[in-house]
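**Q** This is the structure, below, for whatever I ask next.
The values are calculated or read from the model by the stated rules, or taken from the named source; none is laboratory data. Computed from a predicted model, the values in this text were never measured in an experiment. Here the Cβ positions follow ideal geometry from the backbone for every residue, glycine too, while neighbour counts run over all protein chains shown.
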There are 2 protein chains.
Amino acid sequence: MAVARRDSFDCHALSFDYGQRHRVELDAAARVAQSLGALKHIIVPINLRVFGGSALTSDLAVPKAGVSAGIPVTYVPARNTIFLSFALAWAEVLGSSDIFIGVNAIDYSGYPDCRPEFTEAFEQMANLATKAGVEGRTRIQIHTPLIQLSKCAIIRLGAELGVDFRLTHSCYDPDQKGRACGACDSCRLRRQGFREAGLEDPIEYISENF
Amino acid sequence: MAVARRDSFDCHALSFDYGQRHRVELDAAARVAQSLGALKHIIVPINLRVFGGSALTSDLAVPKAGVSAGIPVTYVPARNTIFLSFALAWAEVLGSSDIFIGVNAIDYSGYPDCRPEFTEAFEQMANLATKAGVEGRTRIQIHTPLIQLSKCAIIRLGAELGVDFRLTHSCYDPDQKGRACGACDSCRLRRQGFREAGLEDPIEYISENF
């Protein structure tokens, strides 16, 4: 969102209450949306627990032993497809042609729906799914400004653009107070990114060693 | 679903409570799913009224003057993209590679997300969005057995396959008892289809003349 604001876009922010165990991220999303000047922030309730199939939307345990090869159990089937579909619906109602999503295909867990092949195919489909495709109006664009950046580069970019990282949340398995576990893939990638960027991560972790 | 059953598929049925004014269609979906032997029928609540933008999900009036050129106000932005995204999520959890959707691009209201270009682009995207795409497993297929049939041909096919049309619902603007209005696009296309097929439509209409 900071990149979109830098590029002079007026932003409508969209988050999902999808049954994720780290539901606390929605409070962080609201704080961040406000701090970066979103015109509106909608949280859409969609219960992906009806399907299950992921450690984030069921009772499966979140792995804590380190980022490993292959697609981990934290993968939520078709999550980004669902998220982008709702964004597409809202964009069409608003008459907007630009959708931003913060996916990353470098320092990530190997999720298929974080790769450029996926977002490009989604963009192509989106232009056939909507009025834009039939009436030949403005082409819908899926922007992925972070997709080819390392976590270190993402953090440096955020810092340059004035992102207040105290407002943010990354952990998949926070405690009841919303504190980050420090050991899940998402915490590990974040902490390593801050370390490599030479910046201090301002959020609190339950466990300091990993 | 009758076509999928004819072709020996075990079926999981999926419907959406998306804020549609013809919510009564969900009771019909449950009856039809049961009568055709669905292993399971899930109704996913997703509130598309948060975005609005359609006569089906807002207080805009449903047109009753007849099917006209262009995309009508009953178009729900990105609806089939959202529906297929959830189907994709469930298919991936089930380990299924076949998704059926009853869209039609002949006797329809001109919705962009009912055309073959759209469903083909969705299929391509789906295979990049999921584990199937990364791990090179079975290809996901979007089946659209009705897409190139006239409404008359669809009704004849249904009758051949033993569909009990008394259980079905098509109207966009039913009354409080769930009776079809007889005058919206969906009622008009259905009634004309039955007439052309030389079959009697067994459901009740509020208005007999259109």
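**Q** Just one of the numbered conditions (1) surrounded by 20 or more Cβ atoms within 10 Å (Cβ to Cβ); (2) more than 14 Å from the chain's Cα centre (by Cα); (3) of a type in the set (Phe, Trp, Tyr) is not true of B:Phe165; which one?
**A** Result: B:Phe165 passes all but (1).
**Q** Could you please let me know if B:Lys40 is touching a His at 6+ places or on another chain (Cβ under 6 Å) and within 14 Å of chain A (Cβ to nearest Cβ)?
**A** Yes: the conditions hold for B:Lys40.
**Q** Can you find a residue that is touching a Lys or Arg at 6+ places or on another chain (Cβ under 7 Å), within 16 Å of B:Asp185 (Cβ to Cβ) and at pLDDT below 95 anywhere in region B:73-83?
**A** no
**Q** For region B:50-79, how many residues meet the condition of being facing chain A (nearest Cβ under 7 Å) and not small (Gly, Ala, Ser)?
**A** Residues flagged as facing chain A (nearest Cβ under 7 Å) and not small (Gly, Ala, Ser) within region B:50-79 amount to 4.
**Q** Further question on the same structure: In this structure, does A:Thr144 turn out to be crowded, with 17+ Cβ neighbours inside 10 Å and either within 10 Å of chain B (Cβ to nearest Cβ) or among the small types (Gly, Ala, Ser) (or both)?
**A** Answer is no for this residue.
**Q** Farther than 25 Å from B:Lys131 by Cβ, surrounded by 18 or more Cβ atoms within 10 Å (Cβ to Cβ) and not acidic (Asp, Glu): is that true of A:Ala38 in this structure?
**A** yes
**Q** Filtering region B:80-99 down to residues that are crowded, with 22+ Cβ neighbours inside 10 Å and facing another protein chain (nearest Cβ under 7 Å), which residue is nearest to B:Gln148 (Cα to Cα)?
**A** The qualifying residue nearest to B:Gln148 (Cα to Cα) is B:Thr81.
**Q** On the basis of being away from chain B (no Cβ under 14 Å) and within 14 Å of the chain's Cα centre (by Cα), does A:Ala4 make the cut?
**A** No; evaluated as a whole, the condition is false for this residue.
**Q** Say whether the condition of being facing chain A (nearest Cβ under 10 Å), assigned to a loop (DSSP other than H, G, I, E, B) and modelled with pLDDT under 95 is met by at least one residue in region B:131-138.
**A** No, because not a single residue in region B:131-138 is facing chain A (nearest Cβ under 10 Å), assigned to a loop (DSSP other than H, G, I, E, B) and modelled with pLDDT under 95.
**Q** Go over the candidates B:Leu149, B:Leu128 one by one and state the one that is within 24 Å of A:Thr130 (Cα to Cα) and in a loop (DSSP other than H, G, I, E, B).
**A** Only one candidate passes the filter, namely B:Leu149.
**Q** So which of A:Arg195, A:Arg188 is assigned to a helix (DSSP H, G or I), among the basic types (Lys, Arg), touching a Phe, Trp or Tyr at 6+ places or on another chain (Cβ under 9 Å) and surrounded by 14 or more Cβ atoms within 10 Å (Cβ to Cβ)?
**A** A:Arg188
**Q** Restricting to region A:100-125, and then to whatever is touching a strand residue (DSSP E or B) at 6+ places or on another chain (Cβ under 7 Å), surrounded by fewer than 23 Cβ atoms within 10 Å (Cβ to Cβ) and not acidic (Asp, Glu), can you tell me which residue is farthest from B:Thr130 (Cα to Cα)?
**A** Once the filter is applied, the top-ranked residue is A:Phe100.
**Q** When region A:180-209 is examined, which residues are found to be more than 17 Å from A:Tyr108 (Cα to Cα) and not small (Gly, Ala, Ser)?
**A** A:Cys181, A:Leu199, A:Glu200, A:Asp201, A:Pro202, A:Ile203, A:Glu204, A:Tyr205, A:Ile206, A:Glu208, A:Asn209
**Q** Out of region A:21-32, which residues are within 20 Å of A:Ser85 (Cα to Cα) and buried (at least 19 other Cβ atoms within 10 Å of the Cβ)?
**A** The answer is A:Ala29, and nothing else.
**Q** How many residues does region A:101-130 hold that are of a type in the set (S, T, N, Q) and at pLDDT below 90?
**A** Summing the residues that are of a type in the set (S, T, N, Q) and at pLDDT below 90 in region A:101-130 gives 1.
**Q** Quick test for you: out of A:Arg31, A:Arg23, pick the one residue that is more than 10 Å from every other protein chain (Cβ to nearest Cβ), farther than 25 Å from B:Phe122 by Cβ, at pLDDT 90 or above and out of contact with any strand residue (DSSP E or B) (no Cβ under 8 Å at 6 or more places or on another chain).
**A** Going through A:Arg31, A:Arg23 in turn, just one is more than 10 Å from every other protein chain (Cβ to nearest Cβ), farther than 25 Å from B:Phe122 by Cβ, at pLDDT 90 or above and out of contact with any strand residue (DSSP E or B) (no Cβ under 8 Å at 6 or more places or on another chain): A:Arg31.
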